[in-house]
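S.K.: First, the structure itself, so that you have it in front of you.
The values are calculated or read from the model by the stated rules, or taken from the named source; none is laboratory data. Source: prediction; values computed, not measured. Quick reminder, even Gly has a Cβ in these numbers, built from the backbone with ideal geometry, and neighbours come from all protein chains shown.
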Amino acid sequence: MVQRVDLGTYENSFIGAWIVNDISVCDRLIDHFENVGNPHLGEVIGESGAEVNTEVKDSLDMQLTFGEPVGEQYLDQLSHCLEDYKKMYPTCDQVMPYKIEDVNMQKYKPGGAYHTWHTERISGGWDGKRHLVYMTYLNDVTDQGGTEFLYQGVTITPKKGLTIIWPADWTHTHRGIPSPSETKYIITGWYRFND
């Protein structure tokens with residue numbers, strides 16, 4: 001069982017929040033990113049496909065390969081969050097079958113963020129099959145650095161181990177708030193309807 005986080009005034013936002021059971025997985029993921037992985041500049045989907053545009057998204061990204069031990073440890077933690085999300089919002093599970101699409105690790109240096117408002121379906125690059133989004137903050141960030149949701153009027157502060165899940169659609173338009181002084185690490189991805 002995971003520890004659900006009370007989101008207070010935005011409890012009906014369809015944003016679920018938990019602290020993972022094994023918070024040390026966050027340190028192992030950061031270590032993997034810095035010492036094992038091969039990060040690259042973050043890409044966004046533009047008019048001509050995937051492109052690097054740091055005015056939109058300024059990050060170093062790395063896809064976590066399925067089967068890596070630290071990835072499997074994280075996915076086990078995430079699965080408990082998803083099960084609780086389905087208890088909170090049971091109709092989210094009364095849809096076509098879905099599964100994990102990708103696991104992406106991202107590092108945002110001071111001043112870096114996904115600066116523009118976006119959703120997981122907003123660009124022509126997505127095919128509309130994303131159902132839910134997940135994100136886990138891998139470290140604390142105390143000097144801004146949160147995730148702001150436009151229509152919910154909510155900014156979530158990064159806390160190590162805090163995992164959030166929300167719908168992938170336009171209703172949950174969001175952006176990152178840069179921290180002027182701190183580095184932020186996250187792991188994020190999507191549950192996608194089966195082909």
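S.K.: For LYS99, all conditions in the list (1) in contact (Cβ under 8 Å) with a residue 12 or more places away in the chain; (2) in a loop (DSSP other than H, G, I, E, B) hold save one; what is the number of the exception?
M.R.: That leaves (2) as the condition not met.
S.K.: Are any residues in region 83-131 among the aromatic types (Phe, Trp, Tyr) and closer than 20 Å to ILE177 by Cα, and if so, which ones?
M.R.: TYR108, TYR114, TRP117
S.K.: Here's a follow-up. Of these, GLY71, GLY46, which one is modelled with pLDDT under 90 and surrounded by 10 or more Cβ atoms within 10 Å (Cβ to Cβ)?
M.R.: GLY46 is the lone residue from the list that is modelled with pLDDT under 90 and surrounded by 10 or more Cβ atoms within 10 Å (Cβ to Cβ).
S.K.: Here's something else I'd like to know. If I filter region 98-128 down to residues being over 12 Å from the mean Cα position of the chain (by Cα) and under 22 Å from ASP84 (Cα atoms), which single residue comes out as modelled with the lowest pLDDT?
M.R.: Result: GLU101.
S.K.: Still on this structure: So, in region 174-195, exactly how many residues are in a loop (DSSP other than H, G, I, E, B) and at pLDDT below 95?
M.R.: Total satisfying the criteria: 2.
S.K.: Here is a further query. Would you call GLU72 under 14 Å from HIS32 (Cβ atoms) and not in a strand (DSSP E or B)?
M.R.: Here the answer is yes, as GLU72 does meet what is asked.
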